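Read the structure below first, then the notes.
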Amino acid sequence: MARHGSRVREVPTSLSAPVVATATLPVVFGTAPINLAETLENVNKPVIAYSFPEFAKALGYSDDWKRYTLCEMADLAFRQVGVGPVIFVNVLDPTKHKANKEETVAVTNKKGVIETEGVLLDSLVVSNNETQLKKDQDYIASFDEVGKVVIAVLAEGVTVLKVKYDHLTPDVITNNHIIGGYDISTGKSTGLELLNNVFPKFSMVPGLVLAPKFSKDPTVAAVMKAKASSINTYFKAQSLDDVNTMEANSYTKVNEWKNKNNYTGNNEVVCWPLAGLGDKVYHLSSQIACRIMKTAYDNGDFPHESPSNKPLAMTKLLVETAEGHEEIDLSPDQAEMLNNQGITTAINFIGGWRAWGNYTGAYPAITDVKDIFIPVRVTHNWLGNTIILTTWSKVDGPIGKRLIDTIVDTMNMWLNGLQGEGVLIGARVEFREEDNPLTDLISGKIKFRYFVAEPVPAQDIDNILEFDANYYKSLFAME
């Protein structure tokens, strides 16, 4: 058919906007009081929360952080520091990790309280004088503010109740539950294996990986490092691990414990000891993770600045003991010794309590700048993840000048913008002939080379103070 007239035909824009990876998105593995949540279904599933109410609604909340470890991070991130979102993975399964209990409950002013925490409300059976009572007709059962079941009796003259119920047993959760795995028969993943489910579910790339309490086990820490180094085959994240303060209860023992247990990864931040805030006890990995998030947020969501020498939500340092916890002191020179061993800690020196330490666990055995500084390593991960996200849409496109120029121009413009923001000292991307032999090109392979320089933290400022006697000559100066 012959055409007559003037037309406009649109083609894809040569310069595309980069898809930015989430630099510091934390994924936290542990246990939650799922009986207090709206549903019991959030077991071995990544759950995202932007606020404390969202967390409590999805997973429940308890101040018993030893048994319900995810609540520590929820309190710190949402109530103390004010950062988010956070992705949580609860491994406590109410269909498996439970026990049955039967007891009598005294009724006062038509109310009885079950002191046991973790009660699964749907399992509750209430009787009076061997007669089973009907829910919502003879009694109403609900949780109070601390997670205990309150039974409001509607009938008159009831002084004692007999109750039977199932309750959660978080103490049975072991390191193996956190590590998890993949069940071939069901096709389902559990524990740390679910790190690979985060991006497909939320389209967000994990930036930090935590397991408060459990990461002090070397096996858990090793799996965390391995999983964080290869998420969905392509992405990388930083693992934050805690030293066992029961075994390493003084700063002189930490380095030996670290090396003996192989907490030496370049994608690993090794934290010691515990942090206290009033009666609350936090793992330092949680504190450092929230500090990394807050610092990135304060910088426009760019992760290039170190969390070190930034305020923490704490009032004391603690180590674990058989009786509970013991407060310890740490001077700046002792903290510096830990830093030089690749250990992150906290000090109260100038400006209140602050994170202290820039090195990953790889230091001092490794000296490559991209592997030893925490902000450089986190930024390097973020850059790599963003490059993958942005160039993925070009996969399977026809190799030619247009494809190559689009990638080079798009990424160089993005890198130039980062340089202007101070996120990078300098950066560029090149398509080199020597990197792309004809045999690769005709096989569908193309290679781009990225050159980047992140700013390293100014951790050693040397101010030279000298007495200058020449200033005495001013005494003889003529007016």
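What does the charge count near residue 257 come to, summing +1 for each Lys or Arg and -1 for each Asp or Glu among other residues with Cβ under 15 Å from its Cβ? Present the calculation step by step, with values, prior to reporting the outcome.
Values: positive: 216, 253, 258, 260; negative: 217, 241, 242, 247, 256, 268, 320.
Local net charge: -3.
To make sure I understand, if each residue's beta carbon is the centre and we count other beta carbons within 10 Å, what order do 134, 148 fall in, fewest to most?
Values: 134 10, 148 14.
By the 10 Å Cβ count, ascending, the order reads 134, 148.
Using alpha carbons only, what's the Rg to Rh ratio of region 186-257 with Rh from Kirkwood?
Details: Rg = 14.4 Å, Rh = 13.4 Å.
Dividing the radius of gyration by the Kirkwood radius yields 1.07.
For 293, 204, what's the fewest-to-most ordering of other Cβ within 10 Å of each Cβ?
Details: 293 26, 204 16.
Least to most surrounded, the residues fall as 204, 293.
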Requested in this report: Return the sequence-ordered ³J(HN,Hα) values of region 208-216 in whole Hz as given by the Karplus equation 6.51 cos²θ - 1.76 cosθ + 1.60 applied to θ = phi - 60°, using x for Gly and Pro.
Outcome: 10, 10, 9, 8, x, 6, 7, 6, 6
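In cubic angstrom, how much convex hull volume per residue do the alpha carbon atoms of region 98-168 span?
Working: hull volume 5.5 nm³, N = 71.
Each residue corresponds to 78 Å³ of Cα convex hull volume.
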Query - Debye-sum result for region 281-362 in log10 I(q)/I(0), which assumes one identical scatterer on each alpha carbon, at q = 0.13, 0.21 Å⁻¹ - result: -0.42, -1.02
Requested in this report: Evaluate Rg over Rh across region 397-479, taking Cα atoms for both radii and Kirkwood's formula for Rh.
Outcome: 1.49
Query raised in the report: So how much slack lies between residue 116 and residue 322, counting 0.36 nm per residue of separation and subtracting their Cα-Cα distance, in nm?
Result: 71.8 nm
Query - residue 416 versus residue 395: modelled label distance in nm, points set 7 Å from Cα along the beta carbon direction - result: 2.9 nm
Query raised in the report: How much length is gained if the chain between residue 183 and residue 349 is pulled fully straight, taking 0.36 nm per residue apart and subtracting their Cα-Cα distance, in nm to one decimal?
Result: 54.7 nm
Query raised in the report: Using a Förster distance of 35 Å, how high is the FRET efficiency between residue 247 and residue 106, based on the Cβ-Cβ distance and rounded to 0.05?
Result: 0.20
Report summary line: Computed on Cα atoms, the radius of gyration and Dmax of region 18-109 in angstrom are 15.7, 64
Query raised in the report: If you average the sequence gap of Cα pairs under 8 Å that are 6 or more apart and divide by the length of region 397-479, what percent do you get for the contact order?
Result: 24 percent
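Compute the FRET efficiency between residue 136 and residue 230 as 1/(1 + (r/R0)^6), taking r as their Cβ-Cβ distance and R0 = 45 Å, and round to the nearest 0.05.
On the way: r = 51 Å, r/R0 = 1.14.
Calculated transfer efficiency: 0.30.
Kindly give Rg over Rh for the chain, based on alpha-carbon atoms, with the Kirkwood expression for the hydrodynamic radius. Don't skip to the end; give the middle numbers.
Numbers: Rg = 28.2 Å, Rh = 25.6 Å.
Rounded to two decimals, Rg/Rh equals 1.10.
Determine the sum of side-chain charges near residue 208: Lys and Arg each +1, Asp and Glu each -1, restricted to other residues whose C-beta is under 13 angstrom from that of residue 208. Show your work: numbers first, answer last.
Working: positive: 225, 227, 236, 291, 294, 377; negative: 241, 268.
Taking every Cβ under 13 Å from that of residue 208, the sum is +4.
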Query raised in the report: By the scheme Lys and Arg +1, Asp and Glu -1, what is the net charge of all other residues having a beta-carbon under 14 Å from that of residue 176?
Result: -3
Report summary line: Neighbour-count ranking for 234, 472 (other C-beta within 10 angstrom, fewest to most) reads 472, 234
Query raised in the report: With contacts defined as alpha carbon pairs under 8 Å and 6 or more residues apart, what's the relative contact order of region 98-168 in percent?
Result: 52 percent
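Any chance you could run the full-extension gain for residue 39 through residue 368? It's 0.36 nm times the residue separation minus the Cα-Cα distance, nm to one decimal. Provide the component values of the computation, followed by the final result.
On the way: separation 329, 0.36 × 329 = 118.44 nm, distance 4.75 nm.
Result: 113.7 nm gained on full extension.
Just so you know, all these numbers are worked out from the coordinates, no wet-lab data involved. Please read all numbers here as calculations on a predicted model, not as lab measurements. Quick reminder, even Gly has a Cβ in these numbers, built from the backbone with ideal geometry, and neighbours come from all protein chains shown.
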